[in-house]
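**Student:** What follows is a single structure, and I will ask about it in a moment.
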Amino acid sequence: MTTWLKRKCLGGLIVLFVMPAWAQVFDLSADFSLAKNPNGAWEYGFSATNSLEADQFQLDQKSVMIGPIGFWHPTQGDVPGPGYYPYIAYNSTTDTQVGSKGWAISAGEIAMEASSSGQYSLVRFMAPRAGNYSVNVKFIGIHYGLSTTDVHVLKNGSTVFDADIDGYGGDPAFHKVEGSSPRAEYSGQMQLKANDRLTFAVGYGKNKTNFGDTTGLSVRIVLLNETKSAKCEGPDC
């Protein structure tokens, strides 16, 4: 590692900006696992109620393969019912796959659906170290019935981005792109402390039903430079 050429003395502390030899990339699709939860910096889960308060997050407990698509569920994943919703799905193949109730999940894509009672489907990222991160997020309606969901990005429970998905914006070979807002994107940079959490949420939308709501998600997070603190002992402190 090489130290950036800038130092600031703040309240008896020297803040050192450290640039890694290469930026560290966290890609939700490339990193996805059906074997581990938590999985490195990622957590797959749901909200205990229809609230996005940080203390409502629960880890998914059950993973299952249904054909070529893998799923995380709260407690069971055999058939829809208690413990099935909200879910997180993943297409590990190199081709677009079709979900059983009419949705197209592209290669490497994550798909999410809330519960009928308004519990959110949630993916969380926990920053492994303090630093400046770039965050790029895409939500896409992928249900042929035209997804109608509310989508969010939160930092430690505080809102960073909110949007509504209304339509289909997925693979056009499987259904035409249509709707008033079939896609929503967030892109930005932010300072994160070690163990800060970014949450990516899909709810059941303004119509308060999860019917036909499957929504795709892609997330790419890059640690651009790392920050460290040390005691200031020089004459300028």
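Here, each number is a calculation from the coordinates, and none is a lab measurement. Please read these numbers as outputs of a predicted model, since none were measured by experiment. FYI the Cβ positions are ideal-geometry reconstructions off the backbone, even for glycines, and counts take in every protein chain you see.
**Student:** Distance between the C-alpha centers of segment 67-106 and segment 139-187? Whole Å please.
**Tutor:** A separation of 17 Å, based on Cα centres.
**Student:** Here's something else I'd like to know. Using 0.36 nm times the number of residues separating MET65 and THR209, minus their current alpha carbon distance, what extension gain do you get?
**Tutor:** 49.3 nm
**Student:** Continuing with this model, one more query. Taking 8 Å as the Cα distance limit and 6 or more residues as the minimum spacing, I'd like the relative contact order of segment 135-237 as a percentage. Present the calculation step by step, with values, prior to reporting the outcome.
**Tutor:** Values: 209 pairs, mean separation 39.5, N = 103.
Computed value for segment 135-237: 38 percent relative contact order.
**Student:** A further question on this structure: Between ASP78 and ASP31, take the C-beta separation as r, use R0 = 35 Å, and let me know the FRET efficiency to the nearest 0.05.
**Tutor:** Numbers: r = 26 Å, r/R0 = 0.75.
Rounded to the nearest 0.05, the efficiency is 0.85.
**Student:** Right, here's the next one. So what is the relative contact order of the chain, in percent, for Cα pairs below 8 Å that sit 6 or more residues apart? Each step should come with its number before you reach the end.
**Tutor:** On the way: 667 pairs, mean separation 59.3, N = 237.
Taking the mean separation of contacting Cα pairs over the length of the chain, I get 25 percent.
**Student:** Turning to a different aspect of this structure: Using alpha-carbon pairs under 8 Å, 6+ residues apart, how would you state the relative contact order of segment 130-169 in percent? Numbers along the way, then the final one.
**Tutor:** Details: 53 pairs, mean separation 17.2, N = 40.
Rounded, it is 43 percent for segment 130-169.
**Student:** Going by average Cβ neighbours within 10 Å, how do the peptides 51-58, 194-201 rank, with the highest at the top? Kindly include the intermediate steps, with their values, before the conclusion.
**Tutor:** Working: 51-58: 14.6, 194-201: 19.0.
In decreasing order of mean packing, 51-58, 194-201 become 194-201, 51-58.
**Student:** Let me ask something additional. What Kirkwood Rh does segment 33-83 have if only Cα atoms enter the pairwise 1/r average? Answer in Å.
**Tutor:** Details: mean 1/r = 0.0847 Å⁻¹.
Radius from the Kirkwood sum: 11.8 Å.
**Student:** Quick one: go through segment 99-120 and flag any residue whose amide nitrogen is under 11 Å from the point 7 Å out along the Cα-to-Cβ line of GLN58.
**Tutor:** Label zone hits: 119-120.
**Student:** Rounded to two decimals, what is Rg over Rh for the chain when you use alpha-carbon atoms and the Kirkwood radius?
**Tutor:** Working: Rg = 19.5 Å, Rh = 18.7 Å.
Rounded to two decimals, Rg over Rh is 1.05.
**Student:** From the backbone phi of segment 104-119, what are the Karplus-calculated ³J(HN,Hα) couplings (6.51 cos²θ - 1.76 cosθ + 1.60, θ = phi - 60°) in whole Hz, Gly and Pro given as x?
**Tutor:** Karplus-based 3J(HN,Hα) across segment 104-119 equals 10, 10, 5, 4, x, 7, 9, 10, 9, 8, 6, 9, 5, 9, x, 5 Hz.
**Student:** With the radius of gyration and the Kirkwood radius both derived from the Cα set of segment 23-111, what is their ratio Rg to Rh? Spell out each step's value before the answer.
**Tutor:** On the way: Rg = 13.4 Å, Rh = 13.8 Å.
Over the Cα atoms of segment 23-111, Rg/Rh equals 0.97.
**Student:** Rounded to two decimals, what is Rg over Rh for segment 69-176 when you use alpha-carbon atoms and the Kirkwood radius?
**Tutor:** Details: Rg = 14.9 Å, Rh = 15.3 Å.
Across segment 69-176, the Cα-based Rg/Rh ratio is 0.97.
**Student:** Would you calculate the separation in nanometres between label points at SER51 and SER181, each defined as 7 Å from the Cα along the Cα-to-beta-carbon direction?
**Tutor:** Those two pseudo-labels are separated by 2.5 nm.
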